[in-house]
Structures are given as structure tokens and as C-alpha cells.
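Below is one structure, written out as C-alpha cells, with a few remarks after it.
The values are calculated or read from the model by the stated rules, or taken from the named source; none is laboratory data. Only a predicted model underlies this, so the values are computations on that prediction, with no experimental measurement involved. Positions of Cβ are generated from backbone atoms using ideal geometry, with glycine treated the same way; all protein chains shown enter the neighbour counts.
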Amino acid sequence: MTAHSAFGRQERILVVAGAMLGTALRYATFRIWYHRPGTFPTTTLVVNCIGAFALGALVVVIADHRRTRAWHWFGRVGVLGGFTTFSAYAVELAQYVRGGEPLIGLTYACAMSVLAIVAAVAGSEIVRNRRTLGRER
């Protein structure tokens, strides 16, 4: 099995289209609101938490959706992969540690880990609860 047979043309198009949208959203966010160098990287933190929330919600939506594969490639891999930025988080964290500000780095690492997990759980629970309420009516 080659990579092309497991990852077809439609999937590639969905990933690229989603990544274009997600990257454009991240670019717009960073253009509108970007933390100044030497300050706490709130923009990256918020972008990644929004992405975690959206992914948590999308996973629940995809579970019940007939076009699961398309949503997976477009939404999960493309849009949210393009929007969120683990690499920027890692570089910012390393800069704090190497720049003699390990306490800020530790705070950033803890905040990102805890808040992103809380956001992912919140996203999935909100969608689950809305669906449960919708079925009870």
C-alpha cells in the first residue's frame, strides 16, 4: 500500500483547503492581537485553547456524522491543524527557559496544558449536553 492509496486525492484537497482556512484564521488573529516580545504569550495560549475547544466539539460532532472522513480531514487535520500552533508554543517556551525566565516558562507550560485540556473537555461536553437536550424535547 502506497501513501497515495491510503491518502487519496479527495483527502489531500480537504486537508489543504482546511489548512488554508485555519492558517488564515491564525494569521488574522495574530495580526489583530499579538503579545509583545518579552510579555506572556497570551495569543498563542488563547489560539491553542480555542483550537482544543473546537477539536473537542468536533470530535463529538464527527462521531454522529455520516461524512466522518471528510470532516476529519477538513476540520481536524486541516482547519484546526492550521489554526493551532504547537511549534510556536514550543519555541516560546524554550525562549523563556533559555532566556533566564524559567518561572514564566513553567507557568506557560502549566497554563497551556491545563487550559487546553479543560477547553477540549468543555467543547466535547457542551456538544454532548446540547445533543442530549435536543433528543429529550
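Please report, ordered by residue number, the helices (runs of 4 or more DSSP H) entirely within segment 1-68 with at least 3 residues that are at pLDDT 95 or above. So the answer is 9-32, 42-64.
Given the criteria more than 14 Å from THR42 (Cα to Cα), modelled with pLDDT under 90 and not aromatic (Phe, Trp, Tyr), does ARG135 qualify? So ARG135 fits the description; yes.
Of all residues in segment 84-137 being in contact with a Ser or Thr (Cβ under 7 Å, 6 or more places away or on another chain) and part of a helix (DSSP H, G or I), which is surrounded by the fewest Cβ atoms within 10 Å (Cβ to Cβ)? For segment 84-137, the residue satisfying everything is ALA88.
Restricting the first member to segment 71-85 and to residues that are without any contact (Cβ under 8 Å) to a residue 40 or more places away in the chain and closer than 9 Å to GLY18 by Cα, and the second to residues that are among the aliphatic types (A, V, I, L, M) and in a helix (DSSP H, G or I), the beta-carbon pairs closer than 9 Å and six or more apart or on different chains are ARG76/LEU55; ARG76/LEU58; ARG76/VAL59; ARG76/ILE62.
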